[in-house]
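Quick notes on the structure that follows.
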Amino acid sequence: MAELASRLYKHIELLTRRYPALKEIEQQIIDAYLLMQQSYEQGGKLLVAGNGGSAADAEHIVGELMKRFKLPRIIDPALAARLAEIDPVRGPQLSESLDPCLTAISLVAHESSITAFINDVGSADVYAQQLLGYGREGDVFLSISTSGNSENMIRAMVTAKAIGVKIIGLTGKTGGCMAPLCDVAVHAPETETYMIQEYHLPIYHCWCLMLEDYFFGK
């Protein structure tokens, strides 16, 4: 894969060796990764949402990106110096404990705003509303839906497209109604919900490994 550095492709090779069925969607996985890499390089962020088990996946992904996943992440020396200047005791401690982030926001995690919106308006647009608030042109929305037919996810994707946010769909074999809205659709090669989810986790772990390696690997 000429578009992917060999040190990053090793993660794809490991993924497809452990999960051979994913070999058939290897290029989809790579294309989605490259969309995220480009966004982060340009100062963008990742917005993630899903329902049920996919909501848990959204939280999981954000947790891997907002702190070290596998590799150490060294804080910028200029920031370390500013921290020490502000507080000579706590500053150096913060420099040792803080990890540089790959900024990611889970849209499933804001209970007060979510429940307020559901109470005042309804549930169908709860993710679309947050995308309108958090999303900026150049960001990426990772929409996780095993069926590809979740109405609140589709409405969020329409909103994302309208404001210039790129869309990755992480879905199942058919992709459902959301597939045409995606800049990249990644189709786990199963049709049963739990089996699709069993592929989603190693796919997004691979993305997290690749992103960390690209931005923080030596």
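The values are calculated or read from the model by the stated rules, or taken from the named source; none is laboratory data. All values derive from a computational prediction rather than experimental measurement. Counting neighbours? That spans all protein chains shown, and the Cβs are built from the backbone with ideal geometry, glycine included. For accessibility, only protein heavy atoms count, side chains too; no ligands or nucleic acids. Shrake-Rupley method; radii C 1.70, N 1.55, O 1.52, S 1.80 Å.
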Which one is nearest to Ala188 (Cα to Cα) among residues in the stretch 1-37 that are open to solvent by 80 Å² or more (accessible area, probe 1.4 Å) and outside any helix (DSSP H, G or I)? Met1
Of (1) closer than 21 Å to Ile114 by Cβ; (2) touching a residue at least 60 places away in the same chain (Cβ under 8 Å); (3) of a type in the set (S, T, N, Q), Gln197 satisfies every one except (1)
Please state which of the following conditions Pro72 fails to meet, knowing it meets all the rest: (1) in contact (Cβ under 8 Å) with a residue 12 or more places away in the chain; (2) of a type outside the set (Val, Ile, Thr); (3) assigned to a helix (DSSP H, G or I); (4) open to solvent by 70 Å² or more (accessible area, probe 1.4 Å). (3)
Listing of helices (runs of 4 or more DSSP H) fully contained in the stretch 88-145 that carry 2 or more residues being within 21 Å of the chain's Cα centre (by Cα): 111-120, 126-134
Lone qualifier among Ala185, Ala160, Ala156 - being closer than 16 Å to Met36 by Cβ and open to solvent by less than 10 Å² (accessible area, probe 1.4 Å): Ala160
Qualifying residue in the stretch 138-146 (condition: among the charged types (D, E, K, R), without any contact (Cβ under 8 Å) to a residue 60 or more places away in the chain and in contact with a helix residue (DSSP H, G or I) (Cβ under 7 Å, 6 or more places away or on another chain)): no
Run down Gly148, Gly63 and say which single residue is of a type outside the set (Val, Ile, Thr) and open to solvent by less than 20 Å² (accessible area, probe 1.4 Å). Gly148
If a residue must be more than 23 Å from Gly52 (Cβ to Cβ), open to solvent by less than 40 Å² (accessible area, probe 1.4 Å) and not charged (D, E, K, R), how many such residues does the stretch 84-134 contain? 5
